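Engineer: My structure is below; once you've seen it, I'll send some questions.
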Amino acid sequence: MPQPPPHAPPATIVPQPKRSGIHLRVNGKPYLHAGDPQMPLLWWLRDYLQLTGTKYACGIGACGACTVLVDGKAEHACLLPMQTLAGRSITTVEGLADADGTFSALQQAWVDEDAVQCGYCQAGQLVAAHALLQKHPQPGEAELDALPNLCRCGAYPRMRRAIVRAAAARKAGKP
Ligand code: FES
Ligand code: FES
C-alpha cells in the first residue's frame, strides 16, 4: 500500500477551539490578550507588545507617566486591568506619529521647543497634550494649567510653549 508523503497533512484535521480572551486594538492593530484578565494594561503594553515608550512611575494613577489614549480619552495604563478593555482602541506614544514615522505637529513642536529634560515623563506628557488638543484645539491658560501630568524636572514652561506652538501649527493645517 502506498505511503503518504512525509509532509502530507493528517487525514483528519481536528478543529481547534476558538481562542478566547480579550480582543482590543493598539495603535490601529488588532491584538488578543489570552492571559491574566487582571493584568494592568501598562504591563501588557511594555512586557508583551514591547511598547516601552509608556512608562511606569508611581503605579497609583498620580503622575501620568503611563498615560495612553483609550478610545481617544487620556487614561492611566497602570490602573486599567485588561478585562476592562475588550473592544477598546488604545493609542500609545508610539502611535502618535504617522505610519511612515513623520512627526505630528505636536511632536515636532516638542522638538522645536526642546521640551524634554530627562525624558522619563515625556511619553505621558505628549499623549496628555495630544488629548488636550483634540478637546481644546486652541487651549488657553486654564486648559494648560489643568494638565495633570507631573514632571520632576520642572520642564513645564517648555512643554506649554510646545503645546501652544502645536496648536498654531494645527490651525495652519498641519496634522
Ligand atoms: S505610573 Fe500610572 S499614573 Fe503614575
Ligand atoms: S523631563 Fe524629566 S521628569 Fe519630566
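The values are calculated or read from the model by the stated rules, or taken from the named source; none is laboratory data. Because the structure is predicted, anything quoted here is derived from the model rather than measured. Cβ coordinates were reconstructed from backbone atoms using ideal geometry, including for glycine residues, and neighbour counts include every protein chain displayed.
Engineer: Can you name the residue in the range 102-135 that is surrounded by fewer than 21 Cβ atoms within 10 Å (Cβ to Cβ) and of a type in the set (S, T, N, Q) and, of all such residues, is nearest to ligand 1 (Cβ to nearest atom)?
Structural biologist: Filtering the range 102-135 for residues that are surrounded by fewer than 21 Cβ atoms within 10 Å (Cβ to Cβ) and of a type in the set (S, T, N, Q), the one nearest to ligand 1 (Cβ to nearest atom) comes out as Gln117.
Engineer: Related question: What are the residues in the range 102-141 that are more than 11 Å from ligand 2 (Cβ to nearest atom) and among the β-branched types (Val, Ile, Thr), if any?
Structural biologist: Within the range 102-141, Thr102, Val111, Val127 qualify.
Engineer: Still on this structure, please answer the following. Applying the selection to the range 29-61, what residues are touching a helix residue (DSSP H, G or I) at 6+ places or on another chain (Cβ under 8 Å), free of Cβ contacts under 8 Å to residues at least 24 places away in the same chain and surrounded by 13 or more Cβ atoms within 10 Å (Cβ to Cβ)?
Structural biologist: Correct list: Thr52, Tyr56, Cys58, Gly59, Gly61.
Listed here are the residues, each with its yes/no results for (1) of a type in the set (D, E, K, R); (2) at pLDDT 95 or above.
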site: Pro9; (1), (2): no, no
site: Lys18; (1), (2): yes, no
site: Val26; (1), (2): no, yes
site: Gly35; (1), (2): no, no
site: Pro81; (1), (2): no, yes
site: Gln108; (1), (2): no, yes
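Engineer: Now a separate question. List pairs: first residue in the range 113-130 and in contact (Cβ under 8 Å) with a residue 12 or more places away in the chain, second residue crowded, with 21+ Cβ neighbours inside 10 Å and among the aromatic types (Phe, Trp, Tyr) anywhere in the structure, Cβ distance under 9 angstrom, at least six positions apart or on different chains.
Structural biologist: Correct list of pairs: Val116/Trp110; Gln122/Trp110; Gln125/Trp110; Leu126/Trp110; Ala129/Trp110.
Engineer: For residues that are surrounded by fewer than 20 Cβ atoms within 10 Å (Cβ to Cβ) and not charged (D, E, K, R), scanning just the range 150-162, find the one that is nearest to Gly64 (Cα to Cα).
Structural biologist: First, the residues of the range 150-162 that are surrounded by fewer than 20 Cβ atoms within 10 Å (Cβ to Cβ): 150, 152-154, 156-158, 160-161.
After this cut, where a residue has to be not charged (D, E, K, R) as well, the list is 150, 153-154, 156-157.
Values: Leu150: 6, Cys153: 14, Gly154: 14, Tyr156: 14, Pro157: 17 Å.
That would be Leu150.
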